[in-house]
Amino acid sequence: MACLILAIPNFFTQQADALDPNSVAAIFDHLSSNKELANPSIVVIDEKTGEVVYEKNSTSPRKPASVLKLLTATAAYTYLQPTQRFTTSAYVGTKAKSLVIQGSLDPWISLIHLQAVKMGRTSLPRIEFSTLNALKKANVGSIKYITIYFTNLYSQDVANIKKFYSRHGVHAIMKRVSNETAQSLSGEEILSSESPELQEILAFTLTWSDNLLAERIARLASSAAGHTSDDAGVAQTFSEVLSNFGIESKDLITHDASGLSKLNRITARQVGTLLIKIQEDSKFAPLVGGLPIGGISGTLKNRFIKTAPQAIGLIKAKTGTLNGTANLAGYVESGDREYAFVILADQLTKTSTAENRARDTVDRLLGKIAYPILPGVVEQPEGQLAVTDQSGNQITATN
């Protein structure tokens, strides 16, 4: 028993060293010069104080890749309701050889049926086949020419529906109408689908870095912000999001909302400051909670397991991958501190080997920072030692 007690102070000395911002800066300074990262852009900020602990090329505009989805999610929580749900319903039309689809720009509808079945989502193919079967039952004779009245569908979905009917020998005239007109033209209901809450959709988007969801949600947020729902409107919305937090947006360049465009640019300092700002506001707690967790979930599920197993569960961050780019931005727990970090390694050799080596280097770097909150030690009278667990409960033992 005595040996166990004597070992505890040494354990805590190691943890205390790890929490020192100067030590964190030294670790980043040493490892960020690693050739595998190819002159990255980095910033590390102490969440407690807001102090920049370390930075390198932090104001250099770089390709964000999917790190840009942090802006998509922030815009969504700024301009949309997290509990919002989206409904899509299809009806046989009151007019002969017609259908009505009443949508609500549901981003959760999947374009792939097998994916939808696996995840309990509504798929566009399900809507297409269900409406086609209902149309055949409701009309006698040929349905070579039909009219589909619709509201609030994405242009991509409208095009896919038209193409589906064409493949089945039906020429579908797609007519956008008002909600009131759609209701007046709707007969027997064929199907109705309701999405999960937006916050659940956003969590999935961040955890698995879903590009289509990011694009559609950003456009919904842009419309809600009073801007157009195209790329230009999204760019304006993202700039506005940064400005709302007092973050300079002049170096921000966006051509999409998913991060797929290689023309996008953002600075590590902009992303790092955004991470601190959303951490301070409870409204964005679901955003932070939806980030992948190192070694456990999403796009970080297989990270850190071999490179830095001590960091598993202590890092939540958004990945960013393009050809020649291996980015990571989020939070790392280090004892009773937490650091926001941004690593934009976008100048790598354009090979999978170079990208994997960069990711491994980043993992090892963060592994030197990550420490769990360990039990505290409290002196007790009469030779007793009280060990405090992570919940603040004391466990007293005799020394």
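Quick note: the coordinates plus some simple rules give every number you see, no bench work behind them. No experiment lies behind these values; they were computed from the predicted model shown. A quick note on method: Cβ atoms are made from the backbone with ideal geometry, for glycine too, and the neighbour counts reach across all protein chains shown.
Relative to the 2.2 N^0.38 Å rule of thumb, the stretch 120-159 has a C-alpha radius of gyration ratio of 1.33. Taking a sphere under 11 Å around the Cβ of residue 193 and counting the other residues whose Cβ falls inside, with K and R at +1 and D and E at -1, yields a net charge of +1.
Remark: the stretch 289-376 projects, on average over all directions, an area of 5.5 nm² (convex hull of Cα atoms). Rounded to the nearest 20, the size of the Cβ-charge dipole of the chain about its Cα centre is 2240 debye, with Lys and Arg at +1 and Asp and Glu at -1. A simple count of charges around residue 207, restricted to other residues whose Cβ falls under 14 Å of its Cβ and scoring Lys, Arg +1 and Asp, Glu -1, yields +3. Each residue of the stretch 296-306 was assigned a 3J(HN,Hα) from its phi angle through the Karplus expression (A = 6.51, B = -1.76, C = 1.60, θ = phi - 60°), giving 10, 9, x, 6, 10, 4, 9, 8, 6, 4, 9 Hz with x at Gly and Pro. Here the stretch 87-195 is treated with +1 on each Lys and Arg Cβ and -1 on each Asp and Glu Cβ, and its dipole about the Cα centre works out to around 500 debye. For residue 137, the lysines whose Cα falls under 23 Å of its own Cα, not counting residues fewer than eight places away in the same chain, are 95, 97, 162, 163, 175.
Going by how many other beta carbons lie within 10 Å of each one, how would you line up 359, 126, fewest first? Mind showing how you got there, number by number?
Details: 359 23, 126 18.
Starting with the residue having the fewest Cβ neighbours, the order is 126, 359.
Equivalent ellipsoid semi-axes for the stretch 199-239, as square roots of 5 times the alpha carbon gyration tensor eigenvalues: give them largest first, rounded to whole Å. It would help to have the intermediate numbers written out before the result.
Numbers: eigenvalues 78, 18, 11 Å².
Taking √(5λ) for each Cα gyration eigenvalue gives 20, 10, 8 Å.
Seen against the Cα atoms of the chain and their longest principal axis, helix 231-244 is set at about 40 degrees. Taking 147, 78, 205 in turn, the Gaussian network model of the chain (Cα-Cα springs below 10 Å) assigns the largest fluctuation to 147.
Equivalent-ellipsoid semi-axes for the stretch 170-298 (Cα gyration tensor, √(5λ), whole Å, largest first): 33, 20, 15. Note on the stretch 87-195: along the principal axes its Cα atoms extend 37, 30, 23 Å, ordered by decreasing extent. Shown in residue order for the stretch 81-92 are the 3J(HN,Hα) couplings computed by the Karplus curve 6.51 cos²θ - 1.76 cosθ + 1.60 at θ = phi - 60°: 8, x, 8, 4, 10, 10, 10, 10, 10, 10, 9, 6 Hz (x for Gly and Pro).
Using just its DSSP H runs of length 4 or more, each adding -39500 (n - 2.57), the chain gives a mean residue ellipticity at 222 nm of -12000 deg cm²/dmol after division by all residues. Mind jotting down the distance between the C-alpha centroids of the stretch 110-165 and the stretch 172-197, whole Å? If you average the Cα positions of each part, the centres end up 12 Å apart. Measure nothing but the geometry: give the 0 to 90° angle between the long axis through the Cα atoms of 198-208 and the longest principal axis through the Cα atoms of the chain, rounded to 10°. The angle comes out at about 60 degrees.
Computed over the alpha-carbon atoms, the chain gives an Rg to Rh ratio of 1.10, Rh here being the Kirkwood radius from the mean inverse distance.
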